[in-house]
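Colleague: Input: one structure, supplied below.
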Amino acid sequence: MWLRRGFFGWLIPAAFLLPLWLLVGWAVFNAGGWAFLWVLFLAIPGVFLWQLLLTLLVRARGTVRAHRAVSWWDVIGFAVWHALVISLGFFDETWWAPVMVLAILVGVALFWLELWQLWSEAKPSRLLMHSADGMAYIPPRAAQAEPAEADVIIVTERQTPASS
């Protein structure tokens, strides 16, 4: 549970730190002028906005808000995507382009994973329903029609005088 809660707390800072790492990585590893333009105009805004969008999709789920922890699918998806984004900051020309394509594909897959989880949690189920705070409950059965000739029993309470 501590790992899932840690990822929950990491999602917002990641929107700021991952783009910052790409800029720092460019400076430290001497990536060049074209890489600077890529980092400045595409990578930083793209990673920042995509991370914020994914964070909003995660935090829109009732169970995540109730437990303040992401699901295991979220942990796996964000760990892979963040590892790929971090590896892009090393700017190694031998593997940089395939890792960039893979990071984009994993980011899009993570978006669809978050939508699927949000949809699965939000749609009503016949067996189990969720309240707004994430608590699950079994809804009551629909009232069935009573037979017309059902016996009616009326119980009245007798008042006894109070003894003094």
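Colleague: Which of the residues belonging to region 46-70 are free of Cβ contacts under 8 Å to residues at least 24 places away in the same chain and either surrounded by 13 or more Cβ atoms within 10 Å (Cβ to Cβ) or of a type in the set (Asp, Glu) (or both)?
Modeller: Correct list: Gly46 only.
Colleague: With respect to Thr63, is the statement that it is modelled with pLDDT under 95 and in contact with a strand residue (DSSP E or B) (Cβ under 9 Å, 6 or more places away or on another chain) true?
Modeller: Criteria met by Thr63.
Colleague: Going by the structure shown, is Val39 closer than 30 Å to Ser131 by Cβ and either of a type outside the set (Asp, Glu) or touching a residue at least 12 places away in the same chain (Cβ under 8 Å) (or both)?
Modeller: No: the conditions fail for Val39.
Quick grid of which residues meet (1) under 19 Å from Ile12 (Cβ atoms); (2) not in a helix (DSSP H, G or I):
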site: Leu52; (1), (2): yes, no
site: Thr55; (1), (2): yes, no
site: Ala69; (1), (2): yes, yes
site: Gly77; (1), (2): yes, no
site: Val85; (1), (2): yes, no
site: Met100; (1), (2): no, no
site: Ser120; (1), (2): no, no
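Colleague: Which one is nearest to the chain's Cα centre (by Cα), of the residues in region 56-68 that are farther than 11 Å from Leu110 by Cβ and β-branched (Val, Ile, Thr)?
Modeller: Val64
Colleague: Moving to a separate point now. Considering region 71-97 alone, what residues qualify as being of a type in the set (Ser, Thr, Tyr) and touching a residue at least 12 places away in the same chain (Cβ under 8 Å)?
Modeller: The answer is Ser71, Ser87.
Colleague: Tell me which residues, restricted to region 21-45, are part of a helix (DSSP H, G or I) and surrounded by 15 or more Cβ atoms within 10 Å (Cβ to Cβ).
Modeller: Trp21, Leu22, Leu23, Gly25, Trp26, Ala35, Trp38, Val39, Ala43, Ile44
The values are calculated or read from the model by the stated rules, or taken from the named source; none is laboratory data. Just so we're clear, the structure is a prediction, and the values are computed from it rather than from any experiment. As a convention, Cβ positions derive from the backbone with ideal geometry for all residues, glycine included, and neighbour counts pool all protein chains shown.
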